[in-house]
1. Taking the criterion of being open to solvent by 30 Å² or more (accessible area, probe 1.4 Å) and in a strand (DSSP E or B), would at least one residue in the range 66-82 satisfy it?
2. Within the range 180-211, which residues are aromatic (Phe, Trp, Tyr) and not in a loop (DSSP other than H, G, I, E, B)?
3. Would you check if there is a residue in the range 161-177 being within 19 Å of Ala82 (Cβ to Cβ), at pLDDT 95 or above and assigned to a helix (DSSP H, G or I)?
4. Test Asn107 against the stated conditions and say whether it is in contact with a strand residue (DSSP E or B) (Cβ under 6 Å, 6 or more places away or on another chain), over 27 Å from Pro294 (Cβ atoms) and open to solvent by 30 Å² or more (accessible area, probe 1.4 Å).
5. In the range 283-305, which residues are out of contact with any His (no Cβ under 8 Å at 6 or more places or on another chain), open to solvent by 20 Å² or more (accessible area, probe 1.4 Å) and part of a loop (DSSP other than H, G, I, E, B)?
6. Could you go through the range 259-271 and let me know if any residue there is modelled with pLDDT of 95 or more, open to solvent by 10 Å² or more (accessible area, probe 1.4 Å) and in a loop (DSSP other than H, G, I, E, B).
Amino acid sequence: MKKISICLVMALCSLMMFSCKDKQKNISEEKPTVTPPAFDVDSAFAYVKAQTDFGPRTLGSTAHEQCRDYLLQKLASFCDTAFAQNFTANTYDGKHFQAQNIIASFNPQNPERVVLSSHWDSRPFADHDPNPANRDKAIDGANDGASGVGVLIELARQLHQNRPDIGVDIVLFDAEDYGPKEGEDVPGEWWGLGSQYWAKNLHCPNYTARYGILLDMVGSANARFLQESFSVRDAQNVVANVWSTAYDLGFGDYFVNQPGGVITDDHYYVNKFSNIRMIDIIHYDHTSGTGFDPVWHTLNDNIQHIDKNTLGIVGSTLLQVIKNEK
């Protein structure tokens, strides 16, 4: 999942020197200028846990099939439409899996749209686990995948109750996290297979959206969402909009007005292969050695490490962003 480079190219760094709001008091002291919209953190957490309860959602597994059906059922109960986009995931190790992107929409006839996304599969290899004996085992992916999906399902429930003015598409990408193991050098575009397929085969003829927002690893306690470099390069105005919205809601200690690393994530492929500009909201941890949460690609990426407060901050920010669209 996600290749990261903390050392930034100078040209990319210069792109990030735009004004949002100056950072950053402690969140407990920061006074919001906008009242955060209601977002049920217990409900979002329950949707994260429901995914991990199936077990690792790896391609070809029973848990993957069961979770797919669950996600489709949930989104169909809240959205105007919901369906699976089927494709074959050809993985780096020569395997072939039937995979499904899950797509749900509000106001499908409205040409003015925003797309919100996450990936719903989990990694088949715990290749960063501190115990070498665990590194061929599949992970629960509570943060790496399920957290973003849980936020989006709860957001769909909220939008069902208070319908948006614009069209909203929720796209859950499959086959994001079946890439080469740590230390393996396999040339090719092996990450983000679902987002690559969707970007090349958009689910509606002539589909477009004002912008897209990707959620990835949005469930850690005290998460810090720095401004990812490809996001700034390809959709600087969207980054500015989301981060300034979060600041106005009092979340400036989470949505930090600082440059982050260069990450090859699902948004990269959407920007590369479609006309939709998408940003990545993703947690950095420069102290971890990987640039990500210490539980990343380990067996410890489980429900015990999901923080409801962080889910709520991300969900409230997205709801406010959608509310601001006319």
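1. Yes: one or more hits.
2. Scanning the range 180-211 gives Tyr197, Trp198, Tyr211.
3. Yes, the conditions are met somewhere in the range 161-177.
4. Spelling it out, Asn107 is indeed in contact with a strand residue (DSSP E or B) (Cβ under 6 Å, 6 or more places away or on another chain), over 27 Å from Pro294 (Cβ atoms) and open to solvent by 30 Å² or more (accessible area, probe 1.4 Å).
5. Answer for the range 283-305, where residues must be out of contact with any His (no Cβ under 8 Å at 6 or more places or on another chain), open to solvent by 20 Å² or more (accessible area, probe 1.4 Å) and part of a loop (DSSP other than H, G, I, E, B): His286, Thr287, Ser288, Gly289, Pro294, Leu299, Asn300, Asn302.
6. no
The values are calculated or read from the model by the stated rules, or taken from the named source; none is laboratory data. These numbers were taken from a predicted model, which means no experiment stands behind them. Cβ sites come from the backbone with ideal geometry, for glycine too, and all protein chains shown count toward neighbours. Note: accessible area is taken over every heavy atom of the protein model, side chains too, but ligands, DNA and RNA are not part of it. Shrake-Rupley method; radii C 1.70, N 1.55, O 1.52, S 1.80 Å.
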